[in-house]
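Here's the structure, in structure tokens; my notes come after.
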Amino acid sequence: MHWFNIWQNFEFLWPWMAAFLPLPWLVRRVLKPVAQQQTPLLAPHIVQRVSASFAEESLIQPNNRPKRIPGLFIALWVLFLLAAMRPVWFLTPTPFTSSGKDMILAVDLSGSMQKADMYLGGHDVDRLTAVKSVVAEFIEQRQGDRMGLVVFGSQAFLQSPLTYDLQTVKTLLNEAEIGMAGNNTAIGDAIGLTLKHRIKNRQNEAVLVLLTDGSNTAGKVDPLEAAEKAGELGLKIYTIGVGQVEHRTGLDAFLKSSKSDMDLPSLKKIAELTQGQFFLANDTQQLQEIYQAINWLESVEHEVHSYRLRTELYVWPLGLAFILSLLLGWLKLRKAGG
């Protein structure tokens, strides 16, 4: 029983190569050997010796009887076939989980994200620093999902395509810097870029978590039109407004209005059109609670899969065939010299 369990780990990946085993025998049966009619020049003693040798062989065995294939050639051919059949040794299966859900994070890197109105670890920090801290923890909790990262400012860029390598996504987010995509805010382009990537990978359910602290001030795509298209394609969008929101009224609102202020109605509408939700985070604690809520809303059962690491063994029969070919060459030289 122990040997049976051991052999369960052994397998040929290309077993059909064994069909070539009788090939040398078939070639020898179908094709006749080429007649050796050439004689060396100016060496009559060698010609006489070869002729006498052929005469002796003709007396011993008939000419029409095919010669047998030498055993060493058969062994060499078998070893070549064993190598070609790709023998492998499988190691112990390694389990992993998969949720079947795709999640893309879109993070605003516009100039306003450097405003230090968030509190983290006993210190005032800028908005992006707080976002990195909270989102890194959120990424860790999404083991089994495929995640991607989009960053946007004046333009939107796909930093990481959908991948199970969450550590890479987290690293790319930590390396993001304010202004690297421009100082304005292209929310529509971020949604459009996500949709473009989503169409190429449309086998799973998809969610976009879009975080911004402003309104759409750049880009070629209208955010609401992009949201309508996202709703048609089944992309759910959670919008998160981050930062302190100043509610101004009367003359103060007229004098201090700015295009960089957060467009709350549009963020709410984007979430509504895609059957998502809108959240507002005035501080780091609220931001953390929002991502925990999204994690709960998008929780799914994880399927357990396994993959098996393998070791290729073709080098052993191939190496033995090489040694055997050297032996055959040495025997040929020795016979010719004798």
Show me, for the range 143-148, the HN-Hα J-couplings you get by feeding each phi into the Karplus relation (A = 6.51, B = -1.76, C = 1.60, θ = phi - 60°), rounded to Hz, glycine and proline as x.
4, x, 8, 8, 10, x
For the range 102-117, Karplus couplings with θ = phi - 60° (6.51, -1.76, 1.60), whole Hz, Gly/Pro x
9, 9, 10, 9, 10, 10, 6, 10, 5, x, 5, 6, 8, 5, 8, 10
Using a 1.4 Å probe over the heavy atoms of the protein chains, calculate the carbon and sulfur portion of the accessible area of the range 128-179 as a whole percent.
47
Which ³J(HN,Hα) values in Hz, rounded to whole numbers, follow from the phi angles of the range 266-278 under the Karplus curve 6.51 cos²θ - 1.76 cosθ + 1.60, where θ = phi - 60° and Gly and Pro get x?
5, 5, 5, 5, 4, 5, 5, 5, 10, 6, x, 9, 10
Potential lengthening between PHE73 and SER299 on full extension [0.36 nm per residue; Cα-Cα distance subtracted]:
75.1 nm
Output the pairs from LYS200/LYS236; LYS101/LYS236; LYS220/LYS268; LYS101/LYS132; LYS170/LYS236; LYS170/LYS268 with a Cα-Cα distance over 19 Å in this structure; if there are none, say none.
LYS220/LYS268; LYS101/LYS132; LYS170/LYS236; LYS170/LYS268
Averaged per residue, what accessible area in Å² does the range 96-187 show with a 1.4 Å probe, protein chains only?
39
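The values are calculated or read from the model by the stated rules, or taken from the named source; none is laboratory data. Keep in mind that this is a model prediction, so the values were computed, not measured. Keep in mind that these areas ignore ligands, DNA and RNA; they rest on the heavy atoms of the full protein, side chains included. Shrake-Rupley method; radii C 1.70, N 1.55, O 1.52, S 1.80 Å.
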